[in-house]
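The values are calculated or read from the model by the stated rules, or taken from the named source; none is laboratory data. Note that the structure is a prediction, hence the values are computed from the model and not measured. Don't worry about glycine lacking a Cβ; one is built from the backbone with ideal geometry, like all the others, and counts go over all protein chains shown. Note: accessible area is taken over every heavy atom of the protein model, side chains too, but ligands, DNA and RNA are not part of it. Shrake-Rupley method; radii C 1.70, N 1.55, O 1.52, S 1.80 Å.
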Amino acid sequence: PWAQTMAGAAHPSPDLVPEAQWDAIPLGAKWQIFAVISMLELWDECGGGGALPHYTKGRQPGKYPPFTLFRDNVHFVLDLYDPFGFNKNMSAETKERRLKAELNNGRLAQLAIFAFLCADKIPGSVPLLNGIAIPYAGDPMIPFEGQFSYF
């Protein structure tokens, strides 16, 4: 519905496989994605500006720090989990059950992504995805090779 870049370039075609769509994204857009992810990771590592202990120092796994310090000192931003406070009165048992489900869903999603990467690159490598995976001629692992450079 709108251009992807200020120059007016369109978004990658939905007809492309996901790996080819990533290849078609401009370098500046990739840097923006990388910057947002890096900032979220830094916020997590800092425990939300000290609001929560570091996850290696006793924080509950899967508990992302709120943006309270950022919201109070910089500008308004919603928290990633429960931004409208719908779950603040949830029982501890329900919170624990949902946390386990969320962590397991995340793990399953990671496995599924790599299964599709394998099936797209090596036909027949994941029998369950035969007939679903679309072959990809590029190299999806190029960011992890020694000759890859952002510059």
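Here the relative contact order of segment 1-60, from alpha carbon pairs under 8 Å that lie six or more residues apart, stands at 14 percent. Think of the chain as having a plus end and a minus end, set by charges on the Cβ of Lys, Arg, Asp and Glu; of 7, 40, 89, 89 sits farthest toward the positive end of this dipole. Counting only C-alpha contacts under 8 Å and six or more residues apart, can you give the relative contact order of segment 10-151 as a whole percent? So the answer I get is 16 percent. Its residue count N sets the reference 2.2 N^0.38 Å, and the alpha-carbon radius of gyration of the chain equals 1.33 times that reference.
Counting only protein chain heavy atoms and rolling a 1.4 Å probe, the accessible areas of 74, 126 rank, largest first, as 74, 126. Residue 31 exposes around 90 Å² of accessible area when a 1.4 Å probe is run over every protein chain in place. Note on the chain: GNM, Cα springs under 10 Å; of 66, 140, 14, the largest mean-square fluctuation is that of 14.
State the Cα centre-to-centre distance between segment 21-40 and segment 55-99 in whole Å. So the two Cα centres are separated by 25 Å.
Set the Förster radius R0 to 25 Å, insert the Cβ-Cβ distance between residue 6 and residue 134 as r into 1/(1 + (r/R0)^6), and round the FRET efficiency to 0.05.
Step by step, r from the Cβ atoms, then E = 0.20.
Explain nothing, just the number: relative contact order of segment 87-143, from Cα pairs under 8 Å at least 6 residues apart, as a whole percent. In percent, rounded to a whole number, it is 22. A probe of 1.4 angstrom, applied to the heavy atoms of all protein chains, finds residue 79 with accessible area near 40 square angstrom. Each of 67, 34, 76 has its accessible area taken with a 1.4 Å probe; listed largest first, they run 76, 34, 67.
In this view, the solvent-accessible surface of residue 141, computed with a 1.4 Å probe and all protein chains in place, comes to about 80 Å².
For a straight C-alpha distance cut-off of 27 angstrom, the lysines reachable from residue 88 (same-chain residues fewer than eight places away being disregarded) are 57, 63, 100.
The residues 55, 81, 136, 64, sorted by heavy-atom accessible surface at 1.4 Å with ligands and nucleic acids left out, run 81, 55, 64, 136 from largest to smallest.
Stokes-Einstein D for segment 7-87 at 37 °C, 0.692 mPa s, Kirkwood Rh over Cα pairs, in µm²/s? Using the Kirkwood radius from Cα pairs, D works out to 213 µm²/s. Accessible surface calculations at 1.4 Å, restricted to protein heavy atoms, place segment 1-68 at 69 Å² per residue.
Dipole check for the chain: with +1 at the C-beta of Lys and Arg, -1 at the C-beta of Asp and Glu, and the Cα centre as origin, the magnitude is about 560 Debye.
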